[in-house]
Amino acid sequence: MRVISFSIFKGGTGKTTSSVNTAVALARKGKKVLLVDLDQQASATRYLDLDPEQAPSLYDVYMGAKPAALAIKRTKFGVDMLTSNGLLAAIEEALEPGDELKLAEFLTPLKPTYDFILIDTPPGKAMLAFNGLAAADLIIIPASAERMAVDGVADLISHVQRIMWNKFSLSHQELRILFTMYRATTAHSPAIVSNARKIWRDNILSVKIPHSTVFSRSYDAKTPMALLEPKHSGAISYDVFADWLIKYNDGQVPAS
Ligand SMILES: Nc1ncnc2c1ncn2[C@@H]1O[C@H](COP(=O)(O)OP(=O)(O)O)[C@@H](O)[C@H]1O
Ligand SMILES: [Mg+2]
């Protein structure tokens, strides 16, 4: 099994949208999936129509009040969740350098139960974001093909290599870049991807998530793309990405 984090320090590049829609796509293919919401904004929790205020949540796990296994909730979409809420701000304050591996420790006993554990990481360079990175076997970097994505990707990759691999000996971790908000009909998006490909080559996934307003509609309706618009190219792209992950998880190490 693999633990997969959706991470980049920039906000608004599709971390939540990607983690949620990928989790649902995997579950619809019969995989046992746990989604961990590490962001105090609780967007992933709300997207899958759970109430952030309903205990237990990841806060109780970090407080030591509940083992992770007893804090898991079922969603209507076949995905299990460790939910988030604003109380995670207090955890963020309390964590200290050296606490990077806490989430990894909480998740270890859950690994036999799941085919995939997906982590939606918060933006910024604070301790919970690092907890999400340190728990991952595979780091998916959702990069927007709308704006200058390359800086944000380089920043994340250099942090992972310097801190996660060297300081925490996590050099087994792999990185892949998933382009989101891709507009095939403009010159801009293809140029961003081809520039990135010169630098990161095979670490760039060939599947790209198209730009579409349907994604924000899906969030507002608390209904993942696979149910709201299953034939939409946005839903299909996450389905293709889920197939890639399944092959990757099976050790087939498919071409990106
Ligand atoms: N492929 C896409 N096309 C258009 N809008 C998108 C796409 N993916 C996400 N969005 C929208 O962009 C905003 C930021 O996405 P989100 O997944 O919340 O990013 P992050 O978690 O990285 O902050 C949300 O309003 C979301 O609905
Ligand atoms: Mg988010």
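Each reported figure results from applying straightforward, stated rules to the coordinates on display, with no laboratory input. Keep in mind that this is a model prediction, so the values were computed, not measured. Here the Cβ positions follow ideal geometry from the backbone for every residue, glycine too, while neighbour counts run over all protein chains shown.
Numbers at a glance
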| item | result |
| --- | --- |
| Charge-dipole axis of the chain as Lys and Arg at +1 and Asp and Glu at -1 on Cβ define it, positive-most pick from Ile199, Ala27, Ser57 | Ile199 |
| Extreme residue, positive dipole direction of the chain, given options Ala104, Pro210, Ile4 (C-beta unit charges) | Pro210 |
| Set Lys198/Lys231; Lys66/Lys125; Lys66/Lys102; Lys29/Lys66; Lys15/Lys66; Lys10/Lys247 screened for pairs whose C-alpha atoms are more than 21 Å apart | Lys198/Lys231; Lys66/Lys125; Lys29/Lys66; Lys15/Lys66; Lys10/Lys247 |
| Three-way shape call for segment 192-256 based on the alpha-carbon gyration tensor, with the a/c threshold at 1.5 | oblate |
| Dipole in debye (nearest 20) - the chain, about Cα centre, beta carbon charges: Lys, Arg +1; Asp, Glu -1 | 800 debye |
| Within the chain, percent of DSSP bridges classed antiparallel, to nearest 5 | 5 percent |
| Order of Arg217, Arg176 - criterion: other Cβ atoms within 10 Å of each residue's Cβ, fewest first | Arg217, Arg176 |
| Whole-number percent relative contact order across segment 2-249, with pairs defined as alpha carbons under 8 Å at least 6 apart | 26 percent |
| Among Ala136, Ala104, Ala65: highest mean-square fluctuation, GNM of the chain, C-alpha pairs under 10 Å | Ala65 |
| Of the trypsin sites (Lys or Arg not before Pro) in segment 23-55, those whose Cβ has at most 16 other Cβ within 10 Å and which sit in DSSP loop | Lys29, Lys32 |
| Relative exposure of Asp120, Asp155, Asp39, judged by other C-beta atoms within 10 Å (fewest first) | Asp155, Asp39, Asp120 |
| Residue order, fewest to most beta carbons within 10 Å, for Leu205, Leu133, Leu88 | Leu205, Leu88, Leu133 |
| GNM result for the chain, Cα springs below 10 Å: residue of Leu38, Leu245, Leu95 fluctuating most strongly | Leu95 |
| Gap separating the Cα centres of segment 50-106 and segment 116-144, nearest whole Å | 14 Å |
